[in-house]
Amino acid sequence: MKRTFATTTSLGCIALLALTLQTIPVFAKDNPSRDKNDKAEKSDEASQKHALPKLNIDSAPIQREGSHSYAPIIKKAAPSVVSVSSSKTVAESEARNPLLNDPLLRRFFGQDPDAEEDQPEENPRRNNRRRPRSHQEMGLGSGVIVSEDGYIITNNHVVEGADDVKVETASGAKYTAKVIGADPATDTAVVKIDGTGLPAITIGNSEGLEVGDVVLAIGNPFGIGQTVTMGIISGVGRTELGIVDYEDFIQTDAAINMGNSGGALIDAQGRLIGINAAILSRTGGNIGVGFAVPINMARQVVENMIEYGKVMRGYLGLKPQRVTPEFARKFNLPEATGALVADFPLKGPSPARDAGIKAGDIITEFNGKKISDDKHLRLMVSQTPPNTDSTVKLFRDGKEKNIKLKIGEFPPEQLADAEGNTPGAKPGGDNESLEGVTVDDLDTRMRSQFRVPRTVEGALVTDVDPDSKSYEAGLRPGDVILEIDHKPVRDSKEAVSLSEKAKGPDTLLRIWSRGNSRYLTVENGTNESSTKEKENTDKKKPATPRR
């Protein structure tokens, strides 16, 4: 029984093994596609792990032509940009902080703690006072060579008051420079070095610049060496910065830092279009708001200083004022542009007055070019050579009028801003016309007290409520009201009468103030809430005469 079972088991195992071996080839034979698919899947997996992504590769050398690189332009313009260093002796105040008598504090502030400040000098003066101390101040900026014989444009503030000016070129050559002239009114200066065949830059035209044009700034920031930055023109004709008297700045986001002053601002063709002058920053570092003097302005100043030894500016002999929307409404202008003639100089010639221009005229064009505001007019006139025949288009009594005249020369004894800087009005509020203003007649005593010339006629302002809209608009005690809504004022009674008759949202005043005449507007209270409030409160009458 046992032998038979073992034999049977062996035979069974052999039979099972045979059946298994027979089944495998039959299965493979019956499903050839699956076998192929398995092999294909393994092949795909292998290919996905090792395949590289398709790259767009261009191994050609960098192109140095066209707009692909600015290197050729920089190579052409950079040699013309130099480093300008200046030094001047500054006298120290004799007064000394008593805290510096403490040696510990002297050490803290970088001074010799062992110095005996009270030691007598070897050669004391008779009054035993110490000799004034002085120290050297150093300045660093940039400049641009504009002629082969060594004329260099830079900023006035780079060389202002300098005792010694040094120039170092991009190649390392060093020169002692002579200041030919400087113009604080435009922050432009010209210096001269002795040389021939110097790399003079090509000068472009700043008049046709547009926002978006590519520009490059070249200079020596922080004294680290010549540096080039790139940007675009962010704005043109910037005039409200308060940096200099005559402003027409180019604004750019090309990085301009300390030491770049006087450096070159060039266009994409390497032509000089501006002289880097200033930045707008709270930290002193670049934040992308830089300003350059347009080369057309700088060139005229430099040529004047070289040829005549001074800057010759045109002169109209009037005091313009900005046309505000309130002024435009009062003068029936189609838009708030142009320059309002506020007054004329009390002394000296006035080509504008002699030609028939009157106070209250709105100048809209000068020599065929539209005037945007008072500063624009001053700029255009200043850039016109003296004795030039010119045409002024103005708006008077609702009609346009052309006046021909010959431009005069700006008087050297006058300040650069003598033809402007009269503030505009600041209207607003709900008060009635001239509420809170007290006026009086101009008699001898009042003229003497407020220093009003005998040629000025009107109503003297003796008091202005600080909470009134007249005060907010700029009216002050001592001012003289000359006109109210284009009507002349001869005394205080007329001022009161005209102020009570004022209609509309505001009142136009022409006043004499601190030696100059100007216009301003005072907003009237015409809404219902203001009227009701006035009925329920006890307020002063408009323009009350002084008793």
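The values are calculated or read from the model by the stated rules, or taken from the named source; none is laboratory data. Every value quoted in this text rests on a predicted model; they were computed, and no experiment measured them. Note that we place each Cβ from the backbone using ideal geometry, even for glycine, and neighbour counts take in every protein chain shown.
Test Gly284 against the criterion of being outside the structural domain of Lys370 (by TED's automatic domain parsing), loosely packed, with under 15 Cβ neighbours inside 10 Å, not in a strand (DSSP E or B) and not hydrophobic (A, V, I, L, M, F, W, C), and give yes or no.
yes
Among what's in segment 305-326 and is surrounded by fewer than 22 Cβ atoms within 10 Å (Cβ to Cβ) and free of Cβ contacts under 8 Å to residues at least 60 places away in the same chain, pick the residue that is nearest to the chain's Cα centre (by Cα).
Pro325
Out of the residues in segment 179-209 meeting the condition of being charged (D, E, K, R) and over 30 Å from Lys375 (Cα atoms), tell me which one is surrounded by the most Cβ atoms within 10 Å (Cβ to Cβ).
Lys192
Within segment 182-224, can you find the residues that are outside any loop (DSSP other than H, G, I, E, B) and among the acidic types (Asp, Glu)?
Correct list: Asp183 only.
Restricting to segment 457-506, and then to whatever is touching an Asp or Glu at 6+ places or on another chain (Cβ under 6 Å) and polar (S, T, N, Q), can you tell me which residue is surrounded by the most Cβ atoms within 10 Å (Cβ to Cβ)?
If we take residues in segment 457-506 being touching an Asp or Glu at 6+ places or on another chain (Cβ under 6 Å) and polar (S, T, N, Q), then Ser492 is surrounded by the most Cβ atoms within 10 Å (Cβ to Cβ).
Which residues, taken from segment 274-295, are in contact with a Leu (Cβ under 6 Å, 6 or more places away or on another chain), hydrophobic (A, V, I, L, M, F, W, C) and within 15 Å of Ser206 (Cα to Cα)?
Listed by number, the residues that qualify are Ala292, Ile295.
Can you pull out every residue in segment 273-290 that is of a type in the set (Gly, Ala, Ser) and modelled with pLDDT of 75 or more?
Gly274, Ala277, Ala278, Ser281, Gly288, Gly290
Taking the stated definitions as given, is Gly270 in a loop (DSSP other than H, G, I, E, B) and in contact (Cβ under 8 Å) with a residue 60 or more places away in the chain?
So Gly270 passes the test.
Mind counting the residues in segment 465-492 that are in contact (Cβ under 8 Å) with a residue 40 or more places away in the chain, out of contact with any Pro (no Cβ under 6 Å at 6 or more places or on another chain) and of a type in the set (S, T, N, Q)?
The qualifying residues number 1.
Considering only residues of segment 381-397 that are within 26 Å of the chain's Cα centre (by Cα) and over 14 Å from Lys319 (Cα atoms), which is surrounded by the most Cβ atoms within 10 Å (Cβ to Cβ)?
Going through the qualifying residues, I end up with Thr384.
Among the residues of segment 247-271, which ones are touching a Lys or Arg at 6+ places or on another chain (Cβ under 9 Å), farther than 21 Å from Ser80 by Cβ and surrounded by fewer than 24 Cβ atoms within 10 Å (Cβ to Cβ)?
Across segment 247-271, the qualifying residues are Glu247, Asp248, Gln251.
If I filter segment 295-309 for residues that are in a strand (DSSP E or B), under 30 Å from Asp389 (Cα atoms) and at pLDDT 85 or above, do I get at least one hit?
no
For segment 144-178, what are the residues that are hydrophobic (A, V, I, L, M, F, W, C) and surrounded by fewer than 20 Cβ atoms within 10 Å (Cβ to Cβ)?
Result: Ala170, Ala173.
Do we find that Pro477 is part of a loop (DSSP other than H, G, I, E, B) and more than 22 Å from Asp343 (Cβ to Cβ) in this structure?
Criteria not met by Pro477.
Kindly evaluate Gly274 against the criterion of being surrounded by fewer than 17 Cβ atoms within 10 Å (Cβ to Cβ), of a type outside the set (Lys, Arg) and out of contact with any His (no Cβ under 6 Å at 6 or more places or on another chain).
No; evaluated as a whole, the condition is false for this residue.
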